[in-house]
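*Asks:* Input: one structure, supplied below.
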Amino acid sequence: MKWEITYYSEELQKEIMTFPAGIQARYIHLTDRMCVHGANLGMPHTRALTNGLFELRLKSKEGIGRVFYCTLINKRIVMLHSFIKKTQKIPSKELKVAISRMKEVKNTC
């Protein structure tokens, strides 16, 4: 059974598709791999953060993007939040949004 990728909202999906072309291409490539091999592709592609929250690490010549996601039963991956990274560390406000959305998604299952 293949993994299924869903999005927290339609707005999030549109936001990801407005990433610069190289970052967007990397996102499409890695999510295709996730559908086949699962949510954890390992470093440098994915990284576990905290309590079931993961980050998809997107790097290209245009910059660095991140998409936070979680997994649910029945091989479901839910993309929660995305942003273009401008600093070395993950900004705490971006992390808080992802954690809040993950709690909401997991409570509705």
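*Asks:* Quick one: Gln24 ticks every box in (1) within 25 Å of Lys103 (Cβ to Cβ); (2) surrounded by 13 or more Cβ atoms within 10 Å (Cβ to Cβ) except a single one, so which number is it?
*Replies:* In the conditions (1) within 25 Å of Lys103 (Cβ to Cβ); (2) surrounded by 13 or more Cβ atoms within 10 Å (Cβ to Cβ), Gln24 misses (1) alone.
*Asks:* Report, by residue number, each residue of the range 59-87 that is loosely packed, with under 15 Cβ neighbours inside 10 Å, in contact (Cβ under 8 Å) with a residue 24 or more places away in the chain and of a type in the set (Ser, Thr, Tyr).
*Replies:* none
*Asks:* Then there is this: Here is a list: Ile90, Ile5. Which entry is modelled with pLDDT under 95, open to solvent by 20 Å² or more (accessible area, probe 1.4 Å) and not hydroxyl-bearing (Ser, Thr, Tyr)?
*Replies:* Ile90
*Asks:* Give the residues of the range 30-58 that are out of contact with any strand residue (DSSP E or B) (no Cβ under 8 Å at 6 or more places or on another chain) and either surrounded by 12 or more Cβ atoms within 10 Å (Cβ to Cβ) or among the acidic types (Asp, Glu) (or both), sorted by residue number.
*Replies:* Once the filter is applied, which keeps residues that are out of contact with any strand residue (DSSP E or B) (no Cβ under 8 Å at 6 or more places or on another chain) and either surrounded by 12 or more Cβ atoms within 10 Å (Cβ to Cβ) or among the acidic types (Asp, Glu) (or both), the range 30-58 yields Asp32, Arg33, His37, Gly38, Leu41.
*Asks:* Given the range 16-109, what strands (runs of 3 or more DSSP E) lie entirely inside it while holding 2 or more residues that are within 18 Å of Thr6 (Cβ to Cβ) and touching a Ser or Thr at 6+ places or on another chain (Cβ under 9 Å)?
*Replies:* Hits in the range 16-109: 53-60, 63-72, 76-85.
*Asks:* So how many residues does the range 1-15 have that are within 26 Å of Lys61 (Cβ to Cβ) and in a helix (DSSP H, G or I)?
*Replies:* Selection size over the range 1-15: 4.
*Asks:* Then there's this: What are the pairs, 6+ residues apart or on separate chains, where a residue within the range 42-58 that is within 11 Å of Thr31 (Cα to Cα) has its Cβ under 7 Å from a residue that is of a type in the set (S, T, N, Q) and open to solvent by 20 Å² or more (accessible area, probe 1.4 Å)?
*Replies:* Sorted first by the residue in the range 42-58, then by its partner, the pairs are Thr46/Asn40.
The values are calculated or read from the model by the stated rules, or taken from the named source; none is laboratory data. Being a predicted model, the structure only gives us computed values, none of them experimental. FYI the Cβ positions are ideal-geometry reconstructions off the backbone, even for glycines, and counts take in every protein chain you see. All accessible areas refer to the heavy atoms of the entire protein, side chains included, with ligands and DNA or RNA removed. Shrake-Rupley method; radii C 1.70, N 1.55, O 1.52, S 1.80 Å.
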